[in-house]
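Undergrad: This is the structure, below, for whatever I ask next.
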Amino acid sequence: MPDTLTKQVVEVGYGGNERLMMNMGPQHPSSHGVFRMILTLEGETVVAVDAVIGYLHRCHEKLGETLTYVQYPSIASKTDYVAAMTSELAYVSAVETIAKVEVPKRAQYLRVIAAELQRIASHCLWLGTWCLDMGGALGGGATVFLYCIREREMVLDRFEELTGARLLYGFHQVGGTRYDIPPGWDTKVRETVDFIERRIDEYEAMLERNTFFVVRTRGVGVISRELAQDVGVSGPLIRGSGVNYDVRRAEPYSSYGDFDFVVPVETAGDCYARYRVRMVEFRQSIRIVRQALDGLPEGPISSRPGVKSVGQVRVPKGEGYARVEGARGEVGCYIVSDGGPKPYRMKWRGASFSNLAVLPHIVPGHKVADVVAIMGSVDPVFGEVDR
Amino acid sequence: MTLPPVAWYTLEAFIVLNAIILLVTYVTLLERKFAARMQSRIGPYYVGRPHGWLQPIADALKLMIKEDIVPAAADRGVYNLAPIVFLVPCMLIFATIPFAPELGVADLNIGVLFFLAVSSLEIVGLFMGGWGSNNKYALLSAMRAVNQIISYDLPFVFAALVPVLLAGSLQMSAIVTAQEGLWFVFYPLIGQLAFLAYLVATLAAENRVPFDILEAESELVAGFRVEYSGMKFALIQLAEYAHMLGTSFLGALLFLGGWLGPGPAWLGPLWFLGKAVLIFLLVTWVRWSFVRIRVDQILAISWKLLLPATIVLLLATGLVVATRGAGGP
């Protein structure tokens, strides 16, 4: 053992004015994947935060250029693996924009059902992990976490019946969807969302009437309206800061115009506002699922049935961008095609990546305990940040 | 055959110590099963059927045979000593607790004072662990520990003094005897408020959620014990649970009438144990349903709310005792 190592002593001032550098991550119980924050502390107060990303970089966009339009959709789910359906949808929508492919109405509705169920599942995980961050693995947080996971499992069971997979689905394909719903599936989905709707009431009662939860979240991590727009956050974050922006409403895709739903907006901009936005989104997603199941039209599920080989889908020369409202915000996919079976260039706009950029603006000035609360309310998924 | 007093006390201490350790191990199982029920899980099941009754033994064995790692940069002396310094006061508090009339190691005439004084010594071991580990998480946690325990020892002591005033004695058996007419928790208004303050302060003194900022695994990984492994970790765990159990026993004794209860006299210790477990479960229930609060909020609760409230309560108790006399209503 080198002698210098044993004599190394951490110097900390008793007055709390000397600064302490502390690493949070990449391996840390609340790092939500592999995120590293280098915190500069004065006592318990954070004075600066340095966010380091890239620990999960897998060259995903380059990989997308080596796979054909038929192969990639199932890989696209690996960007945001907690809400896999939305990234698949963004990719196939971008391809459809370039190729000007018409998607049958039934497929559009199926896409909506999948996307909204996915939002419910993703928000379940968010609520659980966020409470786990604030309440600890050995406390009330773990209780909420296990409740949420129990409900998420039900949605994943429905996805398993639909696609055969529980996490990364490969449900979408260029021109429609790959699978139609199995018999009896719609009844099961209705039962599931009814059940979850009741559970959401329970969560709200459990959390909002809990003073400790409220004092931990109210006024913590405030993102002002201006900051939200400057940084370019999206999803529940920007809606929690008073901006009424939702891609489903701003630029309806996949027949979202047919459905009646509310875009929740809160003006406070703190963790509690983001929590409220997501809780309302739970209910709105359930509403949309019900409407889509009620009005599910008959017909083909794909305008390109019977794809025989992986290279068969050809897309004309051109470029296209498609965006969808994922669980975490706006997920965009930009594709340049040179007319071959694979994209010439592709680029993701990860919602988590843009949302994470707000952290250095809002974290300084808070206590260490608030860092994890803010982090959880941003709800990043690192597959999407690092790609 | 008569034993010399020293040998007699040693034997008694040995028996109580082992009984407590066994009890503490099984209290962990109780908590795990209880938490599992709350979270719609089953909990320990397979190690020793039915319901994992061998699980605590398996855990203890596992911790004993685990590799003991000392960080290269740790202050070895302090680091190795800390678990013992932490454990000793947590075990010592059981010395004064009478489990039934004449059944205990030493029923001191200043029993409550001894308990309160010794139980607040645990902070020394805790801080030694946090400091000696030479880890930033542990250090922050140790700082928090000092903050929190100093803040909550005062309301804890004041809340515990209410029954003492009512009974007019610091001797634990005398406090129980004073409750023969009415348990102090049923004493109008004062009793309930004092019990509530006692429970809150207990939560903080035991570092349970929502006051578990020293452990705070989502912020500080595991706080002051992040670098501990194997047997030393087991000692720290043992000490924490022993402290929890000790304060539960004290609560049962001060407020719930100790071993008093219907039935023959030999049921006394069982009544006492049952009441202590009830308090333990109450604390566990709170633990598994709240989120943790922040360090500044914890201090605010203590200094701005709990401490003034308990002082006022103590004054009110003094007035009541002065007008109606000590020793029950």
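Undergrad: To the nearest 20 debye, what is the magnitude of the charge dipole of chain B about its Cα centre, counting +1 on the Cβ of each Lys and Arg and -1 on the Cβ of each Asp and Glu?
TA: Details: 19 positive and 19 negative charges, 142 e Å.
Rounded to the nearest 20 debye, it is 680 debye.
Undergrad: Would you kindly work out the equivalent ellipsoid of the stretch A:158-288 from its C-alpha gyration tensor and give its semi-axes, the square roots of five times the eigenvalues, largest first in whole Å?
TA: On the way: eigenvalues 191, 88, 33 Å².
Listed largest to smallest, the semi-axes of the stretch A:158-288 are 31, 21, 13 Å.
Undergrad: How do A:E251, B:E67 rank by accessible surface area computed with a 1.4 Å probe, from largest to smallest? Don't skip to the answer; put the middle values down first.
TA: Details: A:E251 90, B:E67 135 Å².
Solvent-accessible surface, decreasing: B:E67, A:E251.
Undergrad: Now for a separate question. Report, in order of residue number, the helices in chain B meeting two criteria: a C-alpha extent of 18 Å or more along the helix axis, and a mean Kyte-Doolittle hydropathy of at least -0.5; treat each whole DSSP H run as one helix. Don't jump to the answer; show the numbers that get you there.
TA: Values: long enough: B:5-38 (48 Å, 1.15); B:76-92 (25 Å, 1.45); B:136-167 (46 Å, 1.27); B:190-205 (22 Å, 1.86); B:230-254 (36 Å, 1.03); B:268-287 (28 Å, 1.51); B:307-324 (25 Å, 1.83).
Membrane-span-like by this rule: B:5-38, B:76-92, B:136-167, B:190-205, B:230-254, B:268-287, B:307-324.
Undergrad: If you don't mind, another one. Which order do you get for A:Y147, B:Y152 if you rank them by accessible area with a 1.4 Å probe, largest at the top?
TA: Details: A:Y147 40, B:Y152 0 Å².
Final ranking, largest accessible area leading: A:Y147, B:Y152.
Undergrad: Could you tell me which residue out of A:P264, B:M128, A:L146 lies farthest along the dipole of the protein assembly as shown toward its positive end? Charges go on the beta carbon: Lys and Arg +1, Asp and Glu -1, centred on the Cα centre.
TA: Farthest towards the positive pole: A:P264.
Undergrad: Let me ask you something else. Under the rule a/c < 1.5 gives rounded, and otherwise a/b versus b/c splits prolate from oblate, where does the stretch B:194-329 land using the Cα gyration tensor?
TA: Details: a/c = 2.79, a/b = 1.34, b/c = 2.09.
It is oblate, given that a/c is not under 1.5 and a/b is not larger than b/c.
Undergrad: From Cα pairs below 8 angstrom and at least 6 apart in sequence, can you work out the relative contact order of chain A, rounded to a whole percent?
TA: Values: 757 pairs, mean separation 101.1, N = 387.
About 26 percent, as a whole number.
Undergrad: If the reach is capped at under 13 angstrom between alpha carbons, list the aspartates and glutamates near A:K342, excluding any in the same chain fewer than eight residues apart.
TA: A:E61, A:E65, A:E319
Undergrad: Which listed residue (B:I293, B:P89, B:P308) has the Cα farthest towards the positive end of the charge dipole for the stretch B:67-324, taking +1 on Lys and Arg C-beta and -1 on Asp and Glu C-beta about the Cα centre?
TA: B:P308
Undergrad: Let me ask something else about it. Which value, in square angstrom to the nearest 100, describes the accessible area buried between chains B and A on both sides, using a 1.4 angstrom probe?
TA: On the way: alone 15520 and 16060 Å², together 28270 Å².
The B and A chains share an interface burying roughly 3300 Å².
Undergrad: OK, next. Given the protein chains as shown and a 1.4 Å probe, how many square angstrom of B:D59 are accessible, to the nearest 10?
TA: 50 Å²
Undergrad: Please report, in debye to the nearest 20, how large the charge dipole of chain A is about its Cα centre when each Lys and Arg carries +1 at its beta carbon and each Asp and Glu carries -1 there. Let's see the in-between values first.
TA: Details: 45 positive and 47 negative charges, 175 e Å.
For this selection, approximately 840 debye.
Undergrad: Could you list log10 I(q)/I(0) for the stretch A:57-386 at q = 0.09, 0.11, 0.13 Å⁻¹, which the Debye formula gives when each Cα is one point scatterer?
TA: Calculated log10 I(q)/I(0) at the listed q: -0.45, -0.68, -0.94.
Undergrad: Checking buried surface per residue: for the stretch B:134-161, which residues lose a minimum of 10 Å² accessible area in the protein assembly relative to the chain alone (1.4 Å probe)?
TA: Residues shielded by partner chains are B:N134, B:K136, B:Y137, B:L139, B:L140, B:M143, B:R144.
Undergrad: Only four residue types carry charge here, +1 at the Cβ of Lys and Arg and -1 at the Cβ of Asp and Glu. Report the dipole size of the protein assembly as shown about the Cα centre in Debye, rounded to the nearest 20. Numbers along the way, then the final one.
TA: Values: 64 positive and 66 negative charges, 259 e Å.
Charge dipole of the protein assembly as shown: 1240 debye, to the nearest 20.
Undergrad: Taking only DSSP H segments of four or more residues, each worth -39500 (n - 2.57), what value at 222 nm results for the protein assembly as shown once the sum is divided by all its residues, to the nearest 500 deg cm²/dmol?
TA: Numbers: 29 runs with 395 residues, N = 716.
Rounded to the nearest 500, the figure is -17500 deg cm²/dmol.
Undergrad: Within chain A, which whole H helices from DSSP have a Cα span along their axis of at least 15 Å and a mean Kyte-Doolittle hydropathy of -0.5 or more, if any? If you can, show how the numbers build up before the last one.
TA: Values: long enough: A:84-99 (23 Å, 0.91); A:105-135 (45 Å, 0.20); A:140-163 (34 Å, 0.07); A:185-208 (34 Å, -0.89); A:271-294 (35 Å, -0.34); A:368-378 (16 Å, 2.01).
Passing helices, by number: A:84-99, A:105-135, A:140-163, A:271-294, A:368-378.
Undergrad: Got a sec? Which residues of the stretch A:216-238 lose 40 Å² or more of accessible surface with every protein chain in place, vs. that chain alone, 1.4 Å probe?
TA: In the stretch A:216-238, residues shielded by partner chains: A:R216.
Undergrad: Carbon and sulfur atoms: what percent of the 1.4 Å accessible area of the stretch B:83-158 do they account for?
TA: Working: 1990 of 2600 Å².
The value for the stretch B:83-158 is 77 percent carbon and sulfur by accessible area.
Undergrad: Right, another one. Structure shown: which of A:K188/A:K347; A:K62/A:K100; B:K33/B:K66; A:K78/A:K367 lie over 31 Å apart, alpha-carbon to alpha-carbon?
TA: On the way: A:K188/A:K347 37 Å; A:K62/A:K100 24 Å; B:K33/B:K66 25 Å; A:K78/A:K367 34 Å.
Violating the 31 Å Cα-Cα cut-off are A:K188/A:K347; A:K78/A:K367.
Undergrad: Taking chain B as a Gaussian network, Cα atoms linked when under 10 Å apart, which of B:A222, B:A138, B:A201 shows the biggest mean-square fluctuation?
TA: Among B:A222, B:A138, B:A201, the largest mean-square fluctuation in the Gaussian network model of chain B belongs to B:A222.
Undergrad: Which residues of the stretch B:1-44 show a drop of at least 10 Å² in accessible area when all protein chains are present, compared with their chain alone (probe radius 1.4 Å, heavy atoms only, ligands and nucleic acids excluded)?
TA: By number: B:M38, B:Q39, B:S40, B:R41.
Undergrad: What nm value, rounded to one decimal, do you get for the distance between A:L227 and B:M231 when each label is placed 7 Å out toward the C-beta?
TA: Going by the 7 Å Cα→Cβ label model, 5.1 nm.
Undergrad: Can you find, among A:S122, B:P4, B:Y187, the residue sitting farthest towards the positive end of the charge dipole of the protein assembly as shown, where Lys and Arg contribute +1 and Asp and Glu -1 at Cβ?
TA: A:S122
Undergrad: Roughly to the nearest percent, how much of the accessible area of chain A is carbon and sulfur, given a 1.4 Å probe?
TA: Numbers: 7690 of 14450 Å².
The C+S portion of the solvent-accessible surface of chain A is 53 percent.
Undergrad: Non-local amide H neighbours of A:E330 (under 5 Å, H modeled in plane, Pro and chain starts lacking H): which ones?
TA: For A:E330, whose amide H was placed from the backbone, the distant partners under 5 Å are A:S234, A:G235.
The values are calculated or read from the model by the stated rules, or taken from the named source; none is laboratory data. Given the structure is predicted, the values throughout are model-derived calculations rather than measurements. We place every Cβ from the backbone using ideal geometry, glycine too, and count neighbours over all the protein chains shown. Accessible surface areas use protein heavy atoms only, side chains included; no ligands, DNA or RNA. Shrake-Rupley method; radii C 1.70, N 1.55, O 1.52, S 1.80 Å.
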